[in-house]
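The structure under discussion appears below in the form of structure tokens.
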Amino acid sequence: MVTPKIISNGLLRALATILIIGLVLYFAYLIQTVIVYLIVSLILALIANPLVQFLEHKLKISSTWAATISIILFIVTICGFIFLFVPLIISQANNLALLDTDNLQTQFINMEYKIEDYFNIEHVDLNTLAKKTNLAEKINFGFFTNFINIILNFLANFGMGLVSVLFITFFFIKDQKVFKENARRILPDNNEEKILNSITKINHLLTRYFIGLLMQLSVVFVLYLIVLLIFGSQNAFIIAFLCALLNVIPYIGPIIGTVLAAILTMLSLIGHDFQTEILPTTIYVVIGFLLVQAIDNNISQPIISSKSVNSHPLEIFLIVLICGISFGIVGMIIAIPMFTMIKVILKEFFPNNRIVMVLTEKI
């Protein structure tokens, strides 16, 4: 028989559970940066795992040296990316140094006259329109100062984050056996097989995902390169590579890549006529990039999202959106690998839960 005491106790337990969950989520929000570092480090450790296994089992190298070699390779790769873009930066700096500001100003004035003539023909008074919209009051003249501050803050945070991630990754690789043993001690003995199965499936699915992602980036890179070569863009290889690399960021990355390609195309054509060469070429490059993204969005991405990690595209979109709102761009990058790991763990430990069964039916 259900008594008022039982009901009140149930309500108290429910409220206590909700309160605890709320506190945990709030604490997770406060340390979200640390959580992102841990997730990125875990993913890097999984990526390095095949190399570590080869060094330890085939070459008989200690776990410390295997972890050290893996971290050195990560650092070399990052430095390689940085040095790859040095020629691009130098080239664009030279283009800016050759900029004929007087000629550019004359071209803009001529274009302004043409626009005014057009609106005068259409009987539109631009001065009256500008006064009504208060355009001058809405222009943020401190934009460039704020932009430079944002870049400096980003570089500082990126540097600190990179050092933290590499430090954590080193110990994830070096002490992975210790972590597994501690997990076995904490969890009941009957869960040991579930843990091992989870690790195996996670390695398998993430390996498929990263291979698929690499194939996608390669296809996008080749298509971007073709577009840039058709229109004679300078440093086409580096620009295509950088824009393709930005595709790692779901949904937002391609947009950033297109804007970046447009800016670099305009800079590479400095000294040419703005109306007849710079503007048309930039528009053609943007159209070409949009076509590439249409191909990628309708062919490459669905294959990777649905096949490599066995998830529905709507699932991927929602989890990327949630992680993007919670953790920013880094959250969007790690959303799919993290979601895959959680699904595998849920299936191993809660196989009879109906929600878990629906979410993991393809795993």
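The values are calculated or read from the model by the stated rules, or taken from the named source; none is laboratory data. As the structure is a computational prediction, the values presented were derived from the model and not from experiment. Neighbour counts are summed over all protein chains in view; Cβ atoms, including those assigned to glycine, are modelled from backbone coordinates with ideal geometry. Heavy atoms of the whole protein, side chains included, go into the accessibility calculation; ligands, DNA and RNA do not. Shrake-Rupley method; radii C 1.70, N 1.55, O 1.52, S 1.80 Å.
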Of the conditions (1) at pLDDT 80 or above; (2) more than 30 Å from the chain's Cα centre (by Cα), Glu112 clears all except one; give me its number.
-> (1)
Name the residues in the range 1-60 that are open to solvent by less than 80 Å² (accessible area, probe 1.4 Å), over 30 Å from Asp175 (Cα atoms) and at pLDDT below 80, would you?
-> Thr3, Ser8, Asn9, Gly10, Ala14
The range 61-76: number of residues that are among the polar types (S, T, N, Q), within 17 Å of Phe167 (Cβ to Cβ) and open to solvent by 50 Å² or more (accessible area, probe 1.4 Å) | 1
Filter pass, Leu291 being farther than 30 Å from Leu264 by Cα, open to solvent by 80 Å² or more (accessible area, probe 1.4 Å) and at pLDDT 80 or above = no
When Pro280 is run through (1) open to solvent by less than 60 Å² (accessible area, probe 1.4 Å); (2) at pLDDT below 75; (3) out of contact with any Leu (no Cβ under 8 Å at 6 or more places or on another chain); (4) over 16 Å from Ile249 (Cα atoms), the failure sits at (2)
Only one of these is assigned to a helix (DSSP H, G or I) and open to solvent by 20 Å² or more (accessible area, probe 1.4 Å): Leu228, Leu205, Leu264, Leu217. Name it.
-> Leu217
If a residue has to be in a loop (DSSP other than H, G, I, E, B) and open to solvent by less than 50 Å² (accessible area, probe 1.4 Å) to count, how many in the range 236-261 make the cut?
-> 2
Determine whether the range 311-322 contains at least one residue that is modelled with pLDDT of 80 or more and touching a helix residue (DSSP H, G or I) at 6+ places or on another chain (Cβ under 7 Å).
-> yes
